[in-house]
Amino acid sequence: MKRFVLLTIMTLALSVGGLASTNAKGLTGTVSGTADQIGGGANHSYQVTMTLNGETGTIDYPSLKCGGTVTHIINSTYPSNVGSTFYREHITYGNCIDDGIFSLQDLGDSWFWRWDKDTSSGHVEVDGKLYGTLKQ
């Protein structure tokens, strides 16, 4: 059910262009940590580092030798995702899955990061706990 709600919010954010241009801004700062991928033909862990500058930012996967840019799309107020900020990822170098959507949710001492995408190899979900400072 939680996955359905998350996918519904992401679909809504993508299909309603004006939704992304609300007054709520993206996050600013740098976080990094380990992510665990399930699906898409590969289950493994890898490092992720991102630097966000409000509406845009960069993301890097050092061990996968890929990364790119991110764009803020929406801040969620839906009960199961309150406080989540959603971004679209665009891979600009390396051979990683492009055009994924991820959310960041403040856990107090860290950030919960979830990345989702349906691919030709099946549904791919990546979860991780990232550490660093992000501010609204």
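Observations, loosely collected:
- Filter pass, Asp36 being at pLDDT 90 or above, acidic (Asp, Glu) and not in a strand (DSSP E or B): no
- Gly26 being assigned to a loop (DSSP other than H, G, I, E, B), modelled with pLDDT of 80 or more and surrounded by 16 or more Cβ atoms within 10 Å (Cβ to Cβ): yes
- Strands (runs of 3 or more DSSP E) wholly inside the stretch 40-136 that include at least 2 residues being in contact (Cβ under 8 Å) with a residue 60 or more places away in the chain and either buried (at least 18 other Cβ atoms within 10 Å of the Cβ) or more than 13 Å from the chain's Cα centre (by Cα) (or both): 44-53, 66-75, 84-93, 101-106, 111-119, 122-135
The values are calculated or read from the model by the stated rules, or taken from the named source; none is laboratory data. None of these values were measured; they are calculated from a predicted model. Cβ sites come from the backbone with ideal geometry, for glycine too, and all protein chains shown count toward neighbours.
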